[in-house]
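What follows is a structure written as structure tokens; I'll ask about it next.
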Amino acid sequence: MEGGKESQREGPILLMEGITKIYPTGLVANSNVTFEVREGEIHALVGENGAGKTTLMKVLFGLEKHDAGNIFVKGEQVNITSPRQAIGHGIGMVHQHFMLAPSLTVAENIVLGQEPRKGIWFDQKKAAETCIDLGKKYGLEVDPYAKIADVPVGVKQRVEILKALLRGSEILVLDEPTAVLTPQETVELFAALKALKEGGHTIIFISHKLAEVKEISDRVTVMRSGRVVGTRNTEEISIRDLSNMMVGRDVELELPRPKMSAEDRREVRLLVKDLKYVRDNKDVLKDINLQVKSGEIVGIAGIEGNGQAELVEILTGLCECHEGTIQICGEDATEKKPGEIRELGLSHIPQDRMTFGVAAEASVAENLISTRYNKPPISNGFLLNLKAIFATCLDLINKFEIKANDPKQPVNTLSGGNIQKVVVAREFSTDPEVIIANQPTRGIDIGASESIHKYLVNATENGAAVLLISADLSEVMGLSNRLLVMYEGRIVAHFPDAEAVTEEELGLYMLGVKHQEPDEIVASLMGEAG
């Protein structure tokens, strides 16, 4: 048997046979899917957004009801209609967005629903002991008394895994488990997963990061357009071949970093000086200084929750700073509203496309023209020009390769990658001087990511200045000319040459283990603009 302890079981521990799931809208999410997992292996499940892998796992965990097909666990056919039933069959699932109560402690979250009692009272000591024993057993040690609201994302993930293990999970589904982890946290997670495998657990690993799939998994199943394309032994397939199976065409894996030389004379398009922001009497941003010049991408790395989101909100006018100044193309933008900031030449790709990027119920066309509805040729100031709207939208749909049946189609019926392309098409087609790209490829597949990376680089070639904020280290390191690291609301490092730093070193700054001297950072960052 591949990986894990030798098993006496004949046949797979999990077999999903002929699974079909059709939504009321007519979308075929899974079409006659057969998915087989062996006991004691780490089995990766990969595919583009909309390929059907998450729906398949929701069917397994009882979150979705399938229309056809059968599920077998340990050779026995089972009918799973709820997460409780899935847990009863030894199946646990750790979702990409954690299901934890922030106000409770680590131990309280782990035993939630299975609380130990001393008489009629909750036994806090017993809960802590359970948490400690479980952590030691599986190599996932945590502080039982820490509040979830105060612990880093890597610890939250450990808590989710321990919750599942406490409930007897033998088959553990992990959905994008490394999406927001530092390299060091990823190493720790992989060590724990390998130990679980050696202990006989079976792990289904869903990820977009194919290098990690190659590193951690024994076998990999690829899905495309709701069907299984194939299953391979991981060691026998290359990352390029995996990418091609996922997308159905050749994919360019090397990120297209903008070309810059020391002789280039570039204009400062975005300038931030001594920026401070206080919320609930807490310093969220402290003395932020940075500049971005035309034709370059400046990346910001950092574990989420260290001030990146607030910085973007201030730069785009969604939130007011308490101190400091912001200039866009030489104009003071410190106290301007979002619409006024747009008029200065700034475009914004928000981190949450459904909340801030699109009007979900509106059409593709309405979303594409939402920032120019009052300008020619879309409008003459009084009336909308329907012909111009239709022509503009068709042009953007074709240029940005948006897969939509019709410009009138509701944007929320598109896949995640295509919704993101709608946002990118709208923001990039106004010839922006400055682009704030916050998690521009989060939750989208390799094909859509490849396109968006090219759009970002093309924008810099046309003279735009790009500030890129991303939790994906390979993305922020691969695209950026210069790199910043944020930790606890400060810029703690500046690397003038992004190619000269490793993921491991960057991770130390992201965790707060290392930092550069503040005066040196400002001098390095601001240059002649200081």
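Computed from the coordinates by the stated procedures, all read-outs in this text should not be read as laboratory data. Only a predicted model underlies this, so the values are computations on that prediction, with no experimental measurement involved. Positions of Cβ are generated from backbone atoms using ideal geometry, with glycine treated the same way; all protein chains shown enter the neighbour counts.
Counting only DSSP beta bridges with both residues in the chain, what percent are antiparallel, rounded to the nearest 5?
55 percent
Then there is this: Under a point-charge model restricted to the Cβ atoms of Lys and Arg (+1) and Asp and Glu (-1), what is the dipole moment magnitude of segment 100-168 relative to its Cα centre, in debye to the nearest 20?
Roughly 160 debye, rounded to the nearest 20.
Counting only C-alpha contacts under 8 Å and six or more residues apart, can you give the relative contact order of segment 229-378 as a whole percent?
RCO, segment 229-378: 17 percent.
Mind pulling the angle between the C-alpha long axis of helix 153-166 and the longest principal axis of the chain? Nearest 10 degrees, somewhere in 0 to 90.
Approximately 20 degrees, to the nearest 10.
How big is segment 275-364 in terms of Cα radius of gyration and Dmax, in angstroms?
Cα radius of gyration and Dmax of segment 275-364 are 14.1, 41 Å respectively.
On C-alpha positions alone, give me the angle between the axis of helix 183-198 and the longest principal axis of the chain, in degrees, nearest 10.
Helix 183-198 sits at roughly 20 degrees to that axis.
Sum up the charges of everything whose Cβ sits under 10 Å from the Cβ of residue 269, counting Lys and Arg as +1 and Asp and Glu as -1, but leave residue 269 out.
That works out to -1.
Moving on to the next point. Place a label point 7 angstrom from the Cα of residue 227 along the Cα-to-Cβ direction, then list the residues of segment 204-221 whose backbone nitrogen is under 15 Å away.
none
Considering all projection directions equally, how large on average is the shadow of the alpha-carbon convex hull of the chain, in square nanometres?
About 27.1 nm², averaged over all directions.
First obtain the Kirkwood hydrodynamic radius of segment 431-530 from its Cα pairs, then insert it into the Stokes-Einstein equation at 20 °C and 1.002 mPa s, and state the resulting D in µm² per second as a whole number.
Estimated diffusion coefficient is 146 µm²/s.
If packing is taken as the mean number of other Cβ atoms within 10 Å per residue, what is the order of 146-153, 222-229, highest first?
Per-residue Cβ counts within 10 Å, averaged per peptide and sorted highest first, yield 222-229, 146-153.
Let me check I've understood the local charge: for residue 501, count other residues with C-beta under 15 angstrom from its C-beta, Lys and Arg +1, Asp and Glu -1. What total comes out?
Net of charged neighbours comes to -3.
Now a separate question. Can you pull the semi-axes for segment 401-451, root of five times each eigenvalue of the Cα gyration tensor, sorted largest first, whole Å?
19, 15, 9
Placing +1 on the Cβ of each Lys and Arg and -1 on the Cβ of each Asp and Glu in the chain, which of 369, 424, 33 has its Cα farthest towards the positive end of the resulting dipole?
Final value for the positive-end residue is 33.
If segment 84-147 were replaced by its equivalent ellipsoid, with semi-axes equal to the square roots of 5 times the Cα gyration tensor eigenvalues, what would those be, largest first, whole Å?
The equivalent ellipsoid of segment 84-147 has semi-axes of 20, 15, 13 Å.
Just to confirm a number: summing +1 for Lys and Arg and -1 for Asp and Glu over residues other than residue 190 whose beta-carbon lies under 9 angstrom from that of residue 190, what do you get?
-2
What FRET efficiency comes out for the pair residue 462/residue 149, r = Cβ-Cβ distance, R0 = 60 Å, nearest 0.05?
About 0.90, to the nearest 0.05.
Still on this model: Rg over Rh of segment 346-431, using C-alpha atoms and the Kirkwood radius, what does it come to?
0.94
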